[in-house]
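Colleague: Here it is, the structure in full.
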Amino acid sequence: LGSLEGEAPVSRPTVLWVGSEVELVRGSERTGVAEVFTEMVDHHFLLEDFDLNKPLDENVVQLLVMANAIYEEILGKRIGLEIEIGGPSEIHRGTHPRLMALDSATSNLVPLDRLSSTESRWAKAAFLFAWLRSLRLLIHLDLFASTCVILIDEPELGLAWGMQRQLSSGLVALSKSQRVPMIVATHSAALLDDLAVRTFRCSRSDTGGVGVDEVLPTDRDALRKLGVPISEELHLYK
């Protein structure tokens with residue numbers, strides 16, 4: 001990209017990054033959940049006239065509906081995301097508004113940091129993606145005029161085998177339903193062996209160069225019929 005910028009304009013994609021941190025990357029701007037609430041307040045979708053008893057704006061309600069649907073599509077279970085406005089002192093301290101979710105053990109609404117790291121990670125991802133989708137309606141910002149890409153590093157972290165299979169089908173479904181390309185770096189057999197996922201092997205040569213080769217679905221299907229899933233090839237590589 002750097003070599004091309006001097007010759008022609010390069011359209012940089014809007015990225016939803018799901019790694020050790022979860023954030024939207026729009027050009028040089030990085031947006032997490034806290035920054036989203038700041039944007040909502042700035043655009044008068046939260047704390048309008050500082051009436052703490054006023055119901056949430058209908059646009060915000062719809063954003064939460066979308067975020068909850070996205071989370072359920074990915075992991076196959078509900079999370080019950082809500083926004084807690086808080087009182088004047090909490091708002092002054094900067095701890096509120098904050099995103100809350102249902103704790104499966106107690107059925108109580110708790111802050112995201114009270115959830116498991118895996119639940120918190122995907123709750124943030126669902127909320128930020130819903131926010132990205134809602135920006136066009138909320139503040140008339142057409143971010144999808146350019147490419148939007150979801151990048152995920154090791155989505156299988158913290159998930160048992162059965163949930164990894166659900167995650168694989170959920171990510172495929174989300175990519176198709178939202179028409180957004182998704183690039184995942186993974187060691188999960190559940191994702192590698194899913195024939196609905198395009199699989200690429202990334203390797204480094206003896207000279208230090210990096211090569212990316214697609215593992216064709218026909219090859220993967222043939223191995224599967226022989227009882228050898230493509231993930232078994234991991235044993236052959238560092």
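Colleague: If the Cβ limit is 6 Å and pairs must be 6+ apart or interchain, which residue in the range 173-191 that is surrounded by fewer than 17 Cβ atoms within 10 Å (Cβ to Cβ) pairs with which residue that is assigned to a helix (DSSP H, G or I)?
Modeller: Final answer for the pair search is Ala173/Glu73.
Colleague: Within the range 184-213, track down each residue that is among the small types (Gly, Ala, Ser) and in a loop (DSSP other than H, G, I, E, B). Walk me through how you get there before you give the answer.
Modeller: First, pick out the residues of the range 184-213 that are among the small types (Gly, Ala, Ser): 185, 188-190, 196, 203, 205, 208-209, 211.
Selection gives Ser188, Ala196, Ser205, Gly208, Gly209.
Colleague: Given the conditions (1) under 27 Å from Ala125 (Cα atoms); (2) open to solvent by 60 Å² or more (accessible area, probe 1.4 Å), report the number of the one that Arg204 does not fulfil.
Modeller: (1)
Colleague: Can you find even one residue in the range 6-24 that is assigned to a helix (DSSP H, G or I) and modelled with pLDDT of 85 or more? Steps first, answer last, please.
Modeller: Step one: filter the range 6-24 for residues assigned to a helix (DSSP H, G or I), giving none.
Checking the range 6-24: not a single residue is assigned to a helix (DSSP H, G or I) and modelled with pLDDT of 85 or more.
Colleague: Next question. Take Leu47 and tell me if it is out of contact with any strand residue (DSSP E or B) (no Cβ under 7 Å at 6 or more places or on another chain), modelled with pLDDT under 80, open to solvent by less than 50 Å² (accessible area, probe 1.4 Å) and not small (Gly, Ala, Ser).
Modeller: yes
Colleague: Within the range 130-158, can you find the residues that are open to solvent by 60 Å² or more (accessible area, probe 1.4 Å) and modelled with pLDDT under 90?
Modeller: Hits for the range 130-158 are Arg136, Leu137, His140, Leu141, Asp142, Ala145, Thr147.
Colleague: Only one residue in Val197, Val212, Val172 is closer than 30 Å to Thr14 by Cα and in contact with a helix residue (DSSP H, G or I) (Cβ under 9 Å, 6 or more places away or on another chain). Which one?
Modeller: Val197
Colleague: In addition: I'd like the full set of residues that are surrounded by 14 or more Cβ atoms within 10 Å (Cβ to Cβ) and part of a helix (DSSP H, G or I), limited to the range 73-97.
Modeller: The answer is Glu73, Ile74, Leu75, Glu90, Ile91.
The values are calculated or read from the model by the stated rules, or taken from the named source; none is laboratory data. Note that this is a predicted model, so its numbers are computed, not measured. Glycine also receives a Cβ, built like all others from the backbone with ideal geometry; neighbour counts cover every protein chain displayed. Please note that ligands, DNA and RNA were not included when accessible areas were found on the heavy atoms of the full protein model with its side chains. Shrake-Rupley method; radii C 1.70, N 1.55, O 1.52, S 1.80 Å.
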